[in-house]
1. Once both axes come from the Cα atoms, what is the angle between helix 157-168 and the longest principal axis of the chain, in degrees from 0 to 90, rounded to 10?
2. Just want the ordering: 383, 276, from fewest to most Cβ atoms lying within 10 Å of their own Cβ.
3. For a quick protection proxy, order the peptides 119-132, 474-487 by their average other-Cβ count within 10 Å, most packed first.
4. Mind sorting 352, 455 by how few other Cβ atoms lie within 10 Å of their own Cβ, fewest first?
5. Using the count of nearby Cβ atoms within 10 Å as a rough guide to exposure, how do 139, 499, 263 rank from fewest to most?
6. If you filter the range 370-464 for trypsin sites (Lys or Arg not before Pro), then keep DSSP loop positions with at most 12 other Cβ within 10 Å, what is left?
7. What are the GluC sites (Glu not before Pro) within the range 44-121 that DSSP puts in a loop, where the Cβ has at most 15 other Cβ atoms within 10 Å?
8. Compactness ratio of the range 213-372: Cα Rg over 2.2 N^0.38 Å, N = residue count?
Amino acid sequence: MSFAHSHLITISLLASLPALSAKEIDKPDFNAHVRPILEAACFNCHNEKSDKGGLNLTTLETTMAGGDNGDALVPGKPADSLLYSTTILPEDDDMVMPPPKEGLLTKAQTEILRLWIEQGANWPKDVVLQQKPRMNFAKHIKPILDARLASGGPVKADEAYMLRLWTEQGSVWPEGTAAPGTEAPKPAAPAAKLDGMELVKRIHAHIVATSKEKAEADMKPYDSRGPKSDAPYSMLVIKGGEFLMGSPEGEAERKDDEGPQVKVKVKPFWMGKHEVTWDEYTPFMVTEVGRNKDGSKQSGKADEPITEIISQPTTPYTEMSFGMGTDGYPAISMTQHAANKFCQWLSAQTGHFYRLPTEQEWEYAARAGTTTAYYWGDDSAGVADYEWYYDNAPNFQYSQVGKKKPNPWGLYDILGNVAEWTLDQYTPDYYKNLKAMAPDKIAGYYVPSTTPYPHTARGGSFDDDLVRLRSASRRGSAPDWKQQDPQLPKSIWYHTDAKFLGFRLVRPLEIPSPEEMFKYWNNGVENE
């Protein structure tokens with residue numbers, strides 16, 4: 001992923017960003033919250049080459065050594081730490097830091113420092129501070145926002161760098177400053193209205209004309225590429241059948257939401273051999289056109305190709321792989337809505353109907369004909385050969401797809417690496433409700449969305465203990481999956497705090513009606 005792509009920031013997002021609020025950060029993280037403040041506001045004068053007052057903030061060790069005026073950092077004691085106490089002095093005090101001419105810290109920033117020191121001043125020993133330019137809203141940020149809101153389109157690489165620094169340093173927005181570009185003209189024909197039922201009908205017609213398989217006997221595994229991304233992906237045939245869904249009462253670590261077990265018939269479908277990777281997802285996530293917050297193009301026409309009208313994510317405000325890798329690694333941290341729209345986008349390109357799996361389909365495929373807690377057995381023996389999880393994930397992060405052995409039906413990483421979205425709204429009584437249904441109503445059933453939370457993800461991840469890798473394990477999404485999202489309202493595209501979360505494609509043999517297709521691709525509750 002290029003620098004420009006990985007660090008672009010949506011202008012409409014920035015125009016509504018609030019200043020950093022310490023009230024929203026109960027436990028400051030050094031790298032996320034403290035380090036940007038020190039590097040921008042303090043390190044310029046207190047480093048190895050310019051240790052004013054004898055103070056060098058390069059490392060934890062040099063900081064703990066203090067300076068001519070005393071202790072810079074006393075973990076647990078903010079009042080005794082010059083790193084905090086000098087930032088709250090009156091503006092006319094000679095000791096106040098940073099100097100007024102360079103701009104005092106905001107109350108939110110000083111509170112971040114106070115909380116961090118009070119809670120022990122956790123500073124990873126291997127972290128070395130580096131000088132970063134301090135962003136001033138009037139000088140650096142407002143000109144970018146004014147220009148880009150007027151012209152539209154993505155920001156330039158150097159602008160993206162300044163915007164990223166500004167957000168890392170707390171999105172300091174002077175009180176009383178109006179949002180830039182408020183005089184900018186609004187699009188005359190919002191494209192959001194174009195991504196509706198009429199578009200789905202066009203995509204449906206394309207799929208009906210393209211898909212040739214009519215019966216299960218016609219289904220074959222296949223390799224394909226998305227024309228707009230040129231990224232390869234593989235689909236495996238999952239034959240129809242019957243299985244016992246849920247976990248038995250005697251299964252170790254069983255949860256109440258995993259039963260009672262229910263016999264379920266499943267219709268045939270194709271399923272992604274691997275989790276969707278960044279190679280496939282990034283061209284959908286990062287585009288070269290200006291987009292509204294709902295992902296519609298800022299200018300769109302009804303007669304455009306079907307691949308151009310589909311709503312796509314606003315550009316992310318941070319690098320979404322979080323440094324864990326993008327080449328062959330699973331895409332992560334998208335909302336269920338974003339995963340649904342990716343399926344629509346890929347369907348429009350290929351002429352095959354793709355969607356997320358239902359909980360029934362996912363567990364049927366994950367079990368692959370087995371009845372044990374894991375597809376390799378009832379205990380941990382063998383897990384290291386098949387799945388990545390907390391105890392064996394390199395550097396406590398995800399791995400490239402397909403590096404372990406597959407399950408009996410050829411699916412890789414189905415119980416580990418990253419958890420995977422399903423179509424279903426999460427309900428703890430899912431199995432009880434299934435049990436009460438007539439048998440002919442169970443097949444193909446999923447719980448439609450009625451609220452933004454929770455939706456169901458299945459499978460374990462690199463950040464989970466072994467118990468989460470059981471085939472019957474379920475989890476529901478929660479608002480704290482996007483806790484660090486600075487937008488108000490929160491983004492409909494990103495769960496920035498769910499780094500453990502991805503998804504896998506399903507293509508059912510039976511092509512649904514346009515009305516059903518629309519529901520699969522639009523959960524209708526993406527706005528919180």
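Computed from the coordinates by the stated procedures, all read-outs in this text should not be read as laboratory data. Since this is a predicted model, take the numbers as computed values, not measurements. Virtual Cβ from ideal backbone geometry, glycine too; neighbours counted across all protein chains shown.
1. 80
2. Details: 383 21, 276 28.
The most exposed by this proxy come first: 383, 276.
3. On the way: 119-132: 13.6, 474-487: 18.2.
Answer by packing, highest mean first, reads 474-487, 119-132.
4. On the way: 352 19, 455 25.
If I rank by nearby Cβ atoms, fewest first, I get 352, 455.
5. On the way: 139 10, 499 20, 263 13.
The order, fewest Cβ neighbours first, is 139, 263, 499.
6. Working: sites: 403, 404, 432, 435, 441, 458; in loops: 403, 404.
Sparse-neighbourhood loop trypsin sites (Lys or Arg not before Pro): 403.
7. On the way: sites: 48, 61, 91, 102, 111, 118; in loops: 48, 91.
Listed in order of number, the matching sites are 48, 91.
8. Numbers: Rg = 18.6 Å, N = 160, 2.2 N^0.38 = 15.1 Å.
Scaled against compact globular proteins, the figure is 1.23.
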